[in-house]
Amino acid sequence: MPFEVPALPYDYAALEPTIDEATMKLHHDKHHQAYVTNLNSAIEKHPELASKNPEELIADLPAIPEAVRKVVQNNGGGHVNHTMFWEIMKPNGGGEPFGEIGEQIKSDFGSFDDFKKQFNETTAKQFGSGWGWLVFDGTKLQIVTTANQDNPISQGHYPILGNDVWEHAYYLKYQNKRPDYLAAWWNVVNWEAVNARFATAKSYKK
Ligand code: MN3
């Protein structure tokens, strides 16, 4: 069974005005689809990889045959990253984080505002295409960035949330103003979904 792009859990226009409908259509139907198509072509050449799920594939890149390792890193990463991205957003989302992730953010960053500021500043500086992430190192939350479609899971850190700062994620509406996109994005975060990912991150073992 080849990998498939999951259906969006809301309408293309549901995240307006934070993320516009045209961006969502292109991002989900074209960009995410391209990662999945390329990943499936690599798996076709190495059918033994089909028994793993996409997270398992990118969690252990050295185990991937060298001929397709970079393709799996980029496109497996693209698939995993975007699958998470759609899930951690929702219409009428945002607000203050609650539950265990809300407590952990307060304890590790002082306040939600301090956390957001640090996340936005760090992610704004990611040179070129990449992602800003919140990960759990076993003790504390950490903000990290990756280039391209690299996912922190390849370094043993299960991502709790991540924001896409490839230009395709924001350019139609925000043009070159990445910091404006980063600031607005918190309005669509689905904190229920982020709490569920935090629970997974805390028990994650490669
Ligand atoms: Mn993207």
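The values are calculated or read from the model by the stated rules, or taken from the named source; none is laboratory data. Computed from a prediction, not measured in an experiment: that's the story for all the values here. We place every Cβ from the backbone using ideal geometry, glycine too, and count neighbours over all the protein chains shown. All accessible areas refer to the heavy atoms of the entire protein, side chains included, with ligands and DNA or RNA removed. Shrake-Rupley method; radii C 1.70, N 1.55, O 1.52, S 1.80 Å.
Reported count of residues in region 147-203, each being part of a strand (DSSP E or B), surrounded by 15 or more Cβ atoms within 10 Å (Cβ to Cβ) and among the small types (Gly, Ala, Ser), is 1. Among the residues making up region 167-187, a single one is without any contact (Cβ under 8 Å) to a residue 40 or more places away in the chain, within 16 Å of the ligand (Cβ to nearest atom) and not hydroxyl-bearing (Ser, Thr, Tyr): 167. The condition (being more than 16 Å from the ligand (Cβ to nearest atom) and open to solvent by less than 50 Å² (accessible area, probe 1.4 Å)) is satisfied by just one residue among 101, 58: 101.
Condition check for residue 44 on (1) outside the structural domain of residue 161 (by TED's automatic domain parsing); (2) assigned to a helix (DSSP H, G or I); (3) open to solvent by less than 70 Å² (accessible area, probe 1.4 Å): one failure, at (3). Looking only at residues of region 128-146 that are in a loop (DSSP other than H, G, I, E, B) and in contact (Cβ under 8 Å) with a residue 12 or more places away in the chain, we find that the one that is nearest to the ligand (Cβ to nearest atom) is 129.
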